[in-house]
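Presented below is the structure to which this report refers.
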Amino acid sequence: MDNRKTKQSFKSGFVSIVGRPNVGKSTLLNHIVGHKIAIMSNKPQTTRNKITAVHTTEEGQIIFLDTPGIHKPQSKLGNYMVSVAENTLNEVDLVLFVVDATEKRGAGDDYIIERLKQVKTPVFLVINKIDKVHPEALLPIIDDYRKLYDFKQIVPISALAGNNTGSLQEAILGEMEEGPMYYPADQVTDHPERFVAAELIREKVLHLTREEVPHSIAVVIEEMKRGENGKTLYIYAAIYVERDSQRGILIGQKGQMLKEIGQRARKDIERLMGDQVFLELWIKVKKDWRNQERMLRNFGFYDEQ
């Protein structure tokens, strides 16, 4: 009964964040997701529906899409990017139009509003940096934008200070419909390196332990970041098992098994990613996790029945 209720109440959807440069779009995204998103990406994000960030809670999952080209095009490439952006805006469930409370509405804002009028997707006006203006200054800003577009909701926030961002997240989820978990719960960006690393670690566990620790393991990349030199990749991963006895097997005598798993996985990760890798592993016991819906959801699995 409870499990069925949880399934029915889980919501998911796709959100695009648009706005002029320096209005705080990245700050807002990083605050919601809880991670710094701009890591490990050397390629320009030019693909359509490029996933910028994924935010997962027990209530739902919000997938934020990169929407390139919301600016006045200066070239054929710019025209193409605008076309891509408008297609993306039509395909998402919600658009967040972020503006800066400390600056007057300008030509860039007007241009975006005109583009938003071409799509049918609901739009939230997110007025950022409210911590830098007097509360009485908000009403004129709201009225000014409201005259130009019929926003589904208007939410004043401070992305940097975290003011009212919880309300914004609730409003976003409120706009989402019931849906599946599209991405594993631990995924916060579109970077596949997290999953490559997790799969390589899992592969080494299964290979080295054979039948002793069958498929009752899950590998979660807790953190993945680059060092200050940009050449070293630091990976912190947890290997989940169901029983204390399995934990003992994975650690091995004097920690030798865990060390061997780490060394083999590190070599493969370095070979595939072309970087020096620092890999730290630890074992966590979650008893009977394969039969707990919450844990399955956290690990990125879900019941297809």
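Qualifying trypsin sites (Lys or Arg not before Pro) in the range 224-305, where qualification requires a DSSP coil assignment and no more than 12 other C-beta atoms within 10 Å, comprise Lys231, Lys287. Shown for the range 191-297 is the translational diffusion coefficient from the Stokes-Einstein equation, using the Kirkwood radius over Cα pairs, a temperature of 20 °C and a viscosity of 1.002 mPa s: 151 µm²/s.
Annotation for Asn22 and Leu139: the two label points, set 7 Å from Cα along the Cα-Cβ direction, are 3.1 nm apart. As a calculated quantity, the FRET efficiency between Ala107 and Glu59 at R0 = 30 Å, using C-beta atoms, amounts to about 0.20. In this structure, Leu148 and Glu222 have a Cβ-Cβ separation that, at R0 = 45 Å, corresponds to a calculated FRET efficiency of about 0.50.
Computing the accessible area with a 1.4 Å probe over protein heavy atoms, can you report the carbon and sulfur percentage for the range 191-297? Solvent-exposed carbon and sulfur of the range 191-297 make up 46 percent of the total. Work out the FRET efficiency for Leu160 and Glu293 from their Cβ-Cβ distance, taking R0 = 45 Å, and round it to the nearest 0.05. With a Förster radius of 45 Å, E is 0.80.
Each Lys and Arg Cβ is given +1 and each Asp and Glu Cβ -1; about its Cα centre, the range 193-265 then shows a dipole of about 220 debye. A simple spin-label model places pseudo-atoms 7 Å from Cα toward Cβ; at Ser245 and Lys231 they are separated by 4.7 nm.
The values are calculated or read from the model by the stated rules, or taken from the named source; none is laboratory data. Fair warning: this is a prediction, and the values are worked out from it, not measured in the lab. Counting neighbours? That spans all protein chains shown, and the Cβs are built from the backbone with ideal geometry, glycine included. Note: areas computed on protein heavy atoms with side chains; ligands, DNA, RNA excluded. Shrake-Rupley method; radii C 1.70, N 1.55, O 1.52, S 1.80 Å.
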